[in-house]
1. Between a residue in region 1-12 that is closer than 13 Å to Ser88 by Cα and of a type in the set (Phe, Trp, Tyr) and any residue that is at pLDDT 95 or above and exposed (fewer than 15 other Cβ atoms within 10 Å of the Cβ), which pairs come within a Cβ distance under 9 Å, given they are 6 or more apart or on different chains?
2. Sort out which residues of region 76-101 are among the polar types (S, T, N, Q) and outside any loop (DSSP other than H, G, I, E, B), and write them in order of number.
3. Output the residues belonging to region 30-51 that are over 16 Å from Ser75 (Cα atoms) and either part of a helix (DSSP H, G or I) or in contact with a Gly (Cβ under 8 Å, 6 or more places away or on another chain) (or both).
4. Which members of region 4-31 meet the condition of being within 30 Å of Asn81 (Cα to Cα), at pLDDT 95 or above and not aliphatic (A, V, I, L, M)?
5. Among the residues of region 32-59, count how many are small (Gly, Ala, Ser) and surrounded by fewer than 20 Cβ atoms within 10 Å (Cβ to Cβ).
6. Residues Leu62, Leu73, Leu15: which one is part of a loop (DSSP other than H, G, I, E, B) and either buried (at least 16 other Cβ atoms within 10 Å of the Cβ) or in contact with a Lys or Arg (Cβ under 8 Å, 6 or more places away or on another chain) (or both)?
Amino acid sequence: MGIRRSKQELLQTDLPINDALKRCDDALSRGGFKNIVKNETLRHLNGKYKKITVFGEIDISLKEIGGKTEINLKSTANVDNIFALFSSPNNKILKAFISNF
């Protein structure tokens, strides 16, 4: 079992929560995430990210606040490899999602 670290980021959008949930699901697919689990009732998504240099996952929770949708991202990745010395695996996972959102 590898050494894992987490990183969180918070996004806000003017999209209605159901549209944001769909857009998050699409962004995970386009970003190369696998084993995507979507719970529409809890407004939560999870996806695994596995590339040659990065192994981890992302948890996404959505909630509606004052007509806006708040998206809470939590990336968890293995940091016990040589590639993690040069760039953060958590940043790569978050970027894979955000750039496709």
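1. Within 9 Å, no pair qualifies.
2. Hits for region 76-101 are Thr76, Asn78, Asn90, Asn91.
3. Arg30
4. Ser6, Lys7, Gln8, Glu9, Cys24, Asp25, Asp26, Ser29, Arg30, Gly31
5. Within region 32-59, residues that are small (Gly, Ala, Ser) and surrounded by fewer than 20 Cβ atoms within 10 Å (Cβ to Cβ) number 1.
6. Just one listed residue meets the conditions, Leu15.
The values are calculated or read from the model by the stated rules, or taken from the named source; none is laboratory data. Note that the structure is a prediction, hence the values are computed from the model and not measured. No Cβ is skipped: glycine too gets one built from the backbone with ideal geometry, and neighbour counts run over all protein chains shown.
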